[in-house]
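K.L.:
One structure, pasted below without further comment.
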Amino acid sequence: MSDAAILCVDDEATILKCLKEQLRRCFGNRYLYEVAQNAEEAWIVIDELISEQIKILIIVSDWLMPGVRGDEFLTQVHQRFPKIVTVMLTGQADEVAIERARQEANLYACIHKPWTEEELQQVISTALN
Amino acid sequence: MFSHLKSIHPLKRFDRLRTNPSQTQSKPRLSTWSVLLAALTVAIVTATAIYQLNQMVERSNAMRVLLLRLQAQVSRLNSLEWEGIAKREIDANLITELAENESETQEVLEELKRVEWRDSRLRPLFELYQAYEIEIDRAIDLIAQQNITAAKAIDEDEIDQIYDKVYLEIAKLEDAYEARKQKARKIADFGTTSALILSAAMIGSLFRRFSNRIWAKNQALEVAFQDLQQTQSQLIQQEKMAALGQLIAGVAHEINNPLGTIKASADNTHKALQEALHELPVLYERLSDEEQASFFQLVTLALSSQPWVASAESRALKRQLTAQLQAHQVENARDIADWLMDMGVCEQFEFLLPLLKGSQGEWAIQLAYNLTCSFTNNQMILRAVDRSAKIVFALKNYARFDQTGQKQRVQVTDGLETVVEIYHNQLKHDIDLVRHYQPIPEIWGYPDELIQVWTNLIHNAIQAMQSKGKLTLAVHPLEHGVEVSITDTGAGVSPDLQQRIFDAFFTTKSAGEGSGLGLYISKKIVDKHQGRITVESQPGYTKFNVWLPVEVT
């Protein structure tokens with residue numbers, strides 16, 4: 001059983017379902033795939049995974065979400081877990097927020113909606129190698 | 001669309017405003033002050049000259065009176081002398097009268113000298129009078145000595161001669177003074193007339209100059225006013241554009257989300273079916289009859305189930321399922337549980353045990369997932385298309401530019417719903433949207449402008465609540481019209497600010513967030529519909545009421 005996970009955060013359930021399906025097809029059983037609909041829920045999932053001693057490798061987060069926005073969430077993640085690779089997935093290119101995430105969350109990449117499976121696969125593969 | 005806004009740069013307009021007055025008003029050759037100074041000088045000079053001339057006229061008059069008095073004195077002296085001759089003596093009475101005459105004559109002479117002391121023309125008269133007086137004195141002396149004949153002789157020869165000369169001299173002087181008086185009067189009249197004409201000309205010129213200046217100022221004011229009106233309508237347009245720009249950013253996100261879903265889902269279906277079609281031929285070889293029965297039961301169940309959405313509950317269920325599978329010695333229990341949850345299968349799983357415990361368990365689950373996921377993906381695609389179509393429809397309604405400028409039949413709730421749709425992504429999470437729509441008649445109005453009013457009010461409400469709270473939209477018929485109430489649970493507007501919120505450029509929002517035109521424009525639009533907009537507010541409750549009549553005259 002895998003002890004490494006990829007976490008996706010987006011307020012749209014359908015987006016999460018698509019992401020998970022794509023990741024599972026690309027990477028199979030190598031990783032666990034977890035999803036959350038907002039930052040608050042994401043923290044709960046992170047804590048659960050840590051308590052199960054599962055290492056989180058990558059977090060892919062939407063930017064425009066209710067409550068805490070993507071760049072802020074990824075920054076908080078980066079402060080607590082500097083080793084987690086942060087990726088943003090956004091339907092609205094807010095250059096200022098992306099730049100802020102690049103500097104403060106060490107953002108690895110920003111994927112724009114609508115995205116392709118190849119794009120996602122490439123980003124995740126290169127980030128994990 | 002923005003090009004006309006850029007065509008007149010604000011700074012250039014201000015330049016035009018600044019340079020305009022100096023263009024319309026030509027630069028005067030003389031300054032107003034120098035004209036005023038010249039006018040003052042001319043007035044003083046003229047007044048002094050006229051005063052001098054009047055003095056001269058008065059002096060001439062005085063001289064004439066004095067000369068007449070002198071003439072009377074001379075004649076009187078002559079009579080007194082004749083009286084002496086007639087009486088043949090100089091009696092006491094005559095002496096007194098002679099003395100009086102003399103002193104009075106001296107007085108007149110002194111007066112003449114005093115008034116015209118510089119006038120040399122008087123000298124012959126004085127000399128003549130002196131000679132006359134000497135001869136009279138001689139005659140009187142002779143009368144006193146009773147030498148009447150000698151006195152008479154003097155009288156007839158010398159005195160009469162001098163007397164005539166004195167008279168002639170007086171007449172001559174009188175004429176001279178009269179002439180001088182006439183001349184002075186003419187000059188004074190001419191001076192007065194000239195001064196009046198000059199003053200009129202100066203006043204006219206100054207008036208012209210001032211009215212030119214006032215006209216130029218009026219022109220400048222009019223230009224400034226027109227510019228202000230233009231600027232105001234541009235600001236209103238810009239406000240609409242800014243609101244639209246803000247919305248477009250949100251809408252881009254709103255459209256890209258369903259697009260992302262559509263693209264990924266279609267792609268996922270495609271790949272899943274490819275994989276499934278590749279695996280299907282070996283299905284019967286790889287699975288036993290019991291496993292096949294279990295497999296097809298899973299497929300049937302998955303087709304009629306909805307996948308679990310990520311939540312605390314679904315995670316708990318997944319953990320429970322994982323534990324149960326582990327209890328049945330299923331390998332990769334966690335992954336299997338994950339697949340099953342995504343197929344919406346978690347409560348009854350016992351029928352799956354033959355399949356899961358077999359060697360092909362994971363392969364079969366994956367195949368079942370690939371076979372069934374296209375249905376879920378299709379549903380998601382259809383929902384995403386519906387969602388996109390709704391957004392596009394709302395945008396079309398919002399951005400519709402009514403070129404006819406004609407009133408139309410408007411169903412007010414349609415406009416409200418358009419705005420709700422546009423703000424969907426801001427409303428869907430933490431704002432509880434409540435609708436109280438009663439059946440209302442259609443009204444005559446301008447639909448796109450009314451949408452701008454609802455946009456402003458709903459946008460303000462969302463901002464006031466900081467995207468968290470309850471937004472109530474109520475619509476009901478009222479007094480031959482309809483009333484729309486938009487209520488939020490935001491911080492509220494204090495009573496003193498309630499008076500001012502409809503003013504242009506009044507805003508309580510921080511710089512860059514609001515232009516201060518939203519409510520001002522809303523009020524203008526409501527006024528145009530002959531309706532009314534009011535606000536009632538206290539902390540945690542703000543209600544905007546907009547009443548619109550059915551018919552606009």
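The values are calculated or read from the model by the stated rules, or taken from the named source; none is laboratory data. In this text, all values refer to a predicted model and were calculated from it rather than measured experimentally. Every residue, glycine as well, gets a Cβ built from its backbone with ideal geometry; the counts of neighbours run over all protein chains shown.
K.L.:
Among B:A474, B:A461, which is crowded, with 19+ Cβ neighbours inside 10 Å, of a type outside the set (D, E) and under 23 Å from B:H529 (Cα atoms)?
P.N.:
Working: B:A474 fails: crowded, with 19+ Cβ neighbours inside 10 Å.
After applying the criteria, what remains is B:A461.
K.L.:
Could you list, in sequence order, all residues of region B:133-172 that are among the small types (G, A, S) and more than 27 Å from B:V65 (Cα to Cα)?
P.N.:
Looking only at region B:133-172, we keep the residues that are among the small types (G, A, S), and these are B:139, B:144, B:150-151, B:153, B:171.
Result: B:A139, B:A144, B:A150, B:A151, B:A153.
K.L.:
Quick one: how many residues across region B:302-334 are within 11 Å of another protein chain (Cβ to nearest Cβ), touching a Leu at 6+ places or on another chain (Cβ under 8 Å) and farther than 16 Å from B:C373 by Cβ?
P.N.:
Final tally of qualifying residues: 3.
K.L.:
Now, a different point. Can you tell me which residues in region B:492-506 are surrounded by 15 or more Cβ atoms within 10 Å (Cβ to Cβ) and either of a type in the set (A, V, I, L, M, F, W, C) or within 22 Å of B:P549 (Cβ to Cβ) (or both)? Let's see the steps before the verdict.
P.N.:
Of region B:492-506, the ones surrounded by 15 or more Cβ atoms within 10 Å (Cβ to Cβ) are B:492-493, B:498, B:501-502, B:504, B:506.
Answer for region B:492-506, where residues must be surrounded by 15 or more Cβ atoms within 10 Å (Cβ to Cβ) and either of a type in the set (A, V, I, L, M, F, W, C) or within 22 Å of B:P549 (Cβ to Cβ) (or both): B:V493, B:I501, B:F502, B:A504, B:F506.
K.L.:
Let me ask something else about it. Please work out which one of (1) more than 7 Å from chain B (Cβ to nearest Cβ); (2) over 25 Å from A:N129 (Cα atoms); (3) touching a Leu at 6+ places or on another chain (Cβ under 9 Å) is the condition A:I15 fails and give its number.
P.N.:
(1)
K.L.:
So for region B:437-453 (the condition being away from every other protein chain (no Cβ under 14 Å), closer than 18 Å to B:S537 by Cα and part of a strand (DSSP E or B)), does at least one residue qualify?
P.N.:
Here is the first cut: in region B:437-453, the ones away from every other protein chain (no Cβ under 14 Å) are B:437-453.
From what is left, the residues that are closer than 18 Å to B:S537 by Cα are none.
No - not one qualifying residue is present in region B:437-453.
K.L.:
Also, quick follow-up: Being surrounded by 16 or more Cβ atoms within 10 Å (Cβ to Cβ), of a type in the set (S, T, N, Q) and either over 32 Å from the mean Cα position of the chain (by Cα) or within 10 Å of chain A (Cβ to nearest Cβ) (or both): is that true of B:T269 here?
P.N.:
Judged against the criteria, B:T269 is a match.
K.L.:
A:R102: farther than 30 Å from B:Q274 by Cβ, more than 12 Å from every other protein chain (Cβ to nearest Cβ) and surrounded by fewer than 22 Cβ atoms within 10 Å (Cβ to Cβ), yes or no? Let's see the steps before the verdict.
P.N.:
Numbers: farther than 30 Å from B:Q274 by Cβ: yes; more than 12 Å from every other protein chain (Cβ to nearest Cβ): yes; surrounded by fewer than 22 Cβ atoms within 10 Å (Cβ to Cβ): yes.
Yes, satisfied.
K.L.:
Also: Restricting region B:335-353 to residues that are in contact (Cβ under 8 Å) with a residue 24 or more places away in the chain and at the interface with chain A (Cβ under 8 Å from one of its Cβ atoms), which is farthest from B:Q320 (Cα to Cα)?
P.N.:
So, considering only residues that are in contact (Cβ under 8 Å) with a residue 24 or more places away in the chain and at the interface with chain A (Cβ under 8 Å from one of its Cβ atoms), the one farthest from B:Q320 (Cα to Cα) is B:D342.
K.L.:
Checking B:P447 against (1) touching a residue at least 40 places away in the same chain (Cβ under 8 Å); (2) exposed (fewer than 13 other Cβ atoms within 10 Å of the Cβ); (3) within 38 Å of the chain's Cα centre (by Cα), which single condition isn't satisfied?
P.N.:
Of everything listed in (1) touching a residue at least 40 places away in the same chain (Cβ under 8 Å); (2) exposed (fewer than 13 other Cβ atoms within 10 Å of the Cβ); (3) within 38 Å of the chain's Cα centre (by Cα), B:P447 misses just condition (2).
K.L.:
Which is modelled with pLDDT under 85 and touching a Lys or Arg at 6+ places or on another chain (Cβ under 6 Å), of B:I136, B:I148?
P.N.:
Details: B:I136 fails: touching a Lys or Arg at 6+ places or on another chain (Cβ under 6 Å).
Unique residue meeting the criteria: B:I148.
K.L.:
So in region B:362-378, with the set limited to residues that are under 20 Å from B:N332 (Cβ atoms) and of a type in the set (F, W, Y), which one is surrounded by the most Cβ atoms within 10 Å (Cβ to Cβ)?
P.N.:
B:Y369
K.L.:
Regarding B:D289, is this residue among the charged types (D, E, K, R) and either buried (at least 20 other Cβ atoms within 10 Å of the Cβ) or in contact with a helix residue (DSSP H, G or I) (Cβ under 6 Å, 6 or more places away or on another chain) (or both)?
P.N.:
Details: among the charged types (D, E, K, R): yes; either buried (at least 20 other Cβ atoms within 10 Å of the Cβ) or in contact with a helix residue (DSSP H, G or I) (Cβ under 6 Å, 6 or more places away or on another chain) (or both): no.
Considered against the rule, which asks whether it is among the charged types (D, E, K, R) and either buried (at least 20 other Cβ atoms within 10 Å of the Cβ) or in contact with a helix residue (DSSP H, G or I) (Cβ under 6 Å, 6 or more places away or on another chain) (or both), B:D289 comes out as no.
K.L.:
Another question about this same structure. A:R30 is checked against (1) more than 8 Å from chain B (Cβ to nearest Cβ); (2) at negative phi; (3) touching a helix residue (DSSP H, G or I) at 6+ places or on another chain (Cβ under 6 Å) and fails just one. What number does that condition carry?
P.N.:
Exception for A:R30: condition (3).
K.L.:
Let me ask something else about it. Picking from A:L19, A:L64, A:L74, which residue would you name as being more than 24 Å from B:R334 (Cβ to Cβ) and not in a loop (DSSP other than H, G, I, E, B)? It would help to see each step written out before you state the result.
P.N.:
Working: A:L19 fails: more than 24 Å from B:R334 (Cβ to Cβ); A:L64 fails: not in a loop (DSSP other than H, G, I, E, B).
Being more than 24 Å from B:R334 (Cβ to Cβ) and not in a loop (DSSP other than H, G, I, E, B) holds for just one of A:L19, A:L64, A:L74, which is A:L74.
K.L.:
Here is a further query. Restricting attention to region A:89-96, does a residue exist that is within 14 Å of chain B (Cβ to nearest Cβ), at pLDDT 90 or above and surrounded by 19 or more Cβ atoms within 10 Å (Cβ to Cβ)?
P.N.:
yes
K.L.:
For region B:223-246, check the following and say yes or no: at least one residue is within 14 Å of chain A (Cβ to nearest Cβ) and either free of Cβ contacts under 8 Å to residues at least 60 places away in the same chain or among the polar types (S, T, N, Q) (or both). Show your work before the answer.
P.N.:
Kept after step one, since they are within 14 Å of chain A (Cβ to nearest Cβ), are these residues of region B:223-246: B:245-246.
Imposing the further condition that a residue be either free of Cβ contacts under 8 Å to residues at least 60 places away in the same chain or among the polar types (S, T, N, Q) (or both) reduces the set to B:245-246.
Taking every residue of region B:223-246 in turn, at least one turns out to be within 14 Å of chain A (Cβ to nearest Cβ) and either free of Cβ contacts under 8 Å to residues at least 60 places away in the same chain or among the polar types (S, T, N, Q) (or both).
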